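Here's the structure we're looking at; comments come further down.
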Amino acid sequence: MTMQFPFIPDDAPFNEDQRAWLTGFMAGMSTRLVATGGQADASAGLLELDILVGTQTGNAEGVADDLVAAATEAGLNGTIHALDDVDIAALAEMERVLIVTSTYGEGEMPDNAQLFWDALQAETAPRMEKVNFAVLGLGDTSYDGFCQAAKDIDGRLNQLGGNRVMDGVWLDVDYEDAAEEWVTESLTTIKPFGDQTVAEAVVPVAAAKREKSKWNRKNPFPAVVATNHLLSGEESAKEIRHFEFDLGDSGITYAAGDALAIMPINNPKLVDDLLDRLGVDAGANVGGEAIHTLLTNQYEILTPSKDFIWRVAEMAGDDHLSHIRENDDKEALDDFLWNRDTLDVLNQYSKVKFSADEFVSLLRPLQHRAYSISSSPKEHADQIHLTIGTVRWKAYQREHGGVASTFLADRVGEGGKSGVFLSENKAFRPPADTNAPMIMVGPGTGIAPFRAFLQDRRADGAQGKNWLFFGDQTRAQDFIYETELAEMQEQGVLHKLDLAFSRDQKEKVYVQHKMAEHGKELFAWLEEGGYFYVCGDAVRMAKDVDEALHDIVAEQGGLSADGARDYVANLKREKRYLRDVY
């Protein structure tokens, strides 16, 4: 392909040197445009900017994408790196660094940041005097260790001599508007720092901004619930349901590994009971809205907020609650709140009274609940399937239910609508190499993304071997998707299926025990380039599975404990050990 430019007329007001330079410049632009498909190279003539991302569910990655688009317009060439992909020695040479990271669990690093953090906090970490940086943390104030991962990285970089160009910013779940402001401010602030030399003096062309879906937390798509049926047996101790959402004309596209966010509506009975307890009329005006509407659609009324608990402690004069507050005793607070909702707390302290305005001021915004998608768009392009355990419990002479799970199970119904939006998770995908072995550990509802992965591979005609570890309490009542899995085995899609039903024998058997039982073959699959995935409970299961994996690697690989840690760390580094845990 040859790109032609208008010729330079003889009477153009240029001397010979200027004419020669302009001719050469145009020739260079022709080459550049050919190489970029007719578009000027947007990174030419820009100052370098490194954007480091730590993410568990994709929110931080979305902010990083926004940074890249805005950086080009600001004269910066933004390059995104997952934190675990960053070599610490290379970091020490970066001159403009913006870090966006979420925090996982109770103040822990997200999965794609732990190796980075281990290297950064090591005694051997290099000095960071060349590094000019700013950090944005995404978190949830309802958890201890709010934005702790971001705070730790910010503090350590500063300790190593890095230049913090602006104070760290720590954002709660309602982060979008503030994150947009931070993007603009951080780019303006960091640009003057570091080397101001650019590779080529070419006028930059603004990069196209990332096209965002119009459906989000503030504007969810009203999806029709086409299917809502019980998966677990009638006598199961659990209630696991299969949901199918029609995407209609939403334009929503998804990939196996993504999550669907549900915007729930609070249980109307709980709303009414709260208003009765408060002695507040349903139509009482709070900020221009009826309180009944606010409590139904906009505020979290099931899980008590810390602000609410501390105010109750103050008003009730309760020594136990006051002691918890004064000592910020997390364990004692968790014990107190076990099985209690906001109404239970109010009922316990009958003398505590709130006005409508004060009560609402102590609540947190009602948040979406994100669930791993259990379908592949390659087989269900117009639908998204979810596999959800309905949360129910009885305590303090009352029936309780999970906000989103009972909303879907009880109050939407087939043919009803639920507000939804997509939550991308680019860090949790089936192997791009369809010949690579895939090992999946997903007990209970943790099977959800792996049903999607298997559908993906079936649609692709992938040749890679697939191995699923699944389990729950009893085979008779809790073997969800049994028929589908059997069909996949018959089709040659699912090559190995190991089951662990904990209560079908005297000694409890879990997925990690099945892993150990087949340790030799599991290690062989890893040695063949296999990918290892985990989905489900982070508190116990994921930790037990991780420990089992280390033990298998040590035993089968003939490695020391340190050697096994290095082996597993390398799996993470190669993106072959991936988790979707909660």
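The values are calculated or read from the model by the stated rules, or taken from the named source; none is laboratory data. Because the structure is a prediction, the values reported are computed rather than measured. Don't worry about glycine lacking a Cβ; one is built from the backbone with ideal geometry, like all the others, and counts go over all protein chains shown. Surface accessibility is based on the protein's heavy atoms, side chains included, excluding ligands, DNA and RNA. Shrake-Rupley method; radii C 1.70, N 1.55, O 1.52, S 1.80 Å.
How many of the residues making up the range 486-527 are basic (K, R) and in contact (Cβ under 8 Å) with a residue 24 or more places away in the chain? Matching residues across the range 486-527 total 4. If you go through the range 354-367 and pick out every residue that is at pLDDT below 95 and open to solvent by 50 Å² or more (accessible area, probe 1.4 Å), you end up with 1. Restricting attention to the range 130-163 and to residues that are of a type in the set (S, T, N, Q) and modelled with pLDDT of 95 or more, the residue that is surrounded by the most Cβ atoms within 10 Å (Cβ to Cβ) turns out to be N132. Residues of the range 368-423 that are assigned to a helix (DSSP H, G or I), aliphatic (A, V, I, L, M) and under 21 Å from the mean Cα position of the chain (by Cα): V403, A404. Listed by position, the helices (runs of 4 or more DSSP H) contained in the range 477-536 that have at least 3 residues being under 27 Å from the mean Cα position of the chain (by Cα) are 511-517.
Among residues of the range 537-567 being over 29 Å from the mean Cα position of the chain (by Cα) and among the hydrophobic types (A, V, I, L, M, F, W, C), the one that is surrounded by the fewest Cβ atoms within 10 Å (Cβ to Cβ) is A561. Among the residues making up the range 205-230, a single one is modelled with pLDDT of 85 or more and more than 25 Å from G415 (Cβ to Cβ): K218. Checking each residue in the range 249-293 for being surrounded by fewer than 14 Cβ atoms within 10 Å (Cβ to Cβ) and under 30 Å from D460 (Cβ atoms) picks out D249, G251, T253.
Using the structure shown, decide if D318 is more than 30 Å from F221 (Cβ to Cβ) and open to solvent by 60 Å² or more (accessible area, probe 1.4 Å). Answer is no for this residue. Kindly provide the set of residues from the range 323-340 that are out of contact with any Phe, Trp or Tyr (no Cβ under 9 Å at 6 or more places or on another chain) and not in a helix (DSSP H, G or I), ordered by number. Residues satisfying the conditions are D328, D329, W338. The residues in the range 46-58 that are surrounded by fewer than 24 Cβ atoms within 10 Å (Cβ to Cβ) and polar (S, T, N, Q) can be counted, and the count is 1. Would you please name the residue that is surrounded by the fewest Cβ atoms within 10 Å (Cβ to Cβ), looking only at residues in the range 486-511 that are under 17 Å from C535 (Cα atoms) and aliphatic (A, V, I, L, M)? Filtering the range 486-511 for residues that are under 17 Å from C535 (Cα atoms) and aliphatic (A, V, I, L, M), the one surrounded by the fewest Cβ atoms within 10 Å (Cβ to Cβ) comes out as L497. Close contacts from the range 97-126, counting a first residue that is open to solvent by 30 Å² or more (accessible area, probe 1.4 Å) and a second that is assigned to a strand (DSSP E or B), with Cβ to Cβ under 6 Å and a gap of 6+ residues or different chains, come to D111/R579. Listed conditions (1) free of Cβ contacts under 8 Å to residues at least 12 places away in the same chain; (2) within 30 Å of H385 (Cα to Cα); (3) not polar (S, T, N, Q) are all met by I262, apart from (1).
Here the range 443-476 is the region considered, the condition is being more than 27 Å from E234 (Cα to Cα) and outside any helix (DSSP H, G or I), and the residue that is most open to solvent (accessible area, probe 1.4 Å) is Q463. Checking each residue in the range 466-485 for being in contact with a strand residue (DSSP E or B) (Cβ under 7 Å, 6 or more places away or on another chain) and touching a residue at least 40 places away in the same chain (Cβ under 8 Å) picks out W467, F469, F470, G471, D472, Q473, T474, D478, I480.
Could you please tell me which pairs satisfy a Cβ distance under 6 Å, a separation of 6+ or placement on different chains, a first residue in the range 304-328 that is touching a residue at least 24 places away in the same chain (Cβ under 8 Å) and under 15 Å from D341 (Cα atoms), and a second residue that is assigned to a helix (DSSP H, G or I) and among the hydroxyl-bearing types (S, T, Y)? Listed by first residue and then by second, the contacts come to P304/T342. The selection criterion, being within 24 Å of S236 (Cα to Cα) and surrounded by 14 or more Cβ atoms within 10 Å (Cβ to Cβ), holds for Y582.
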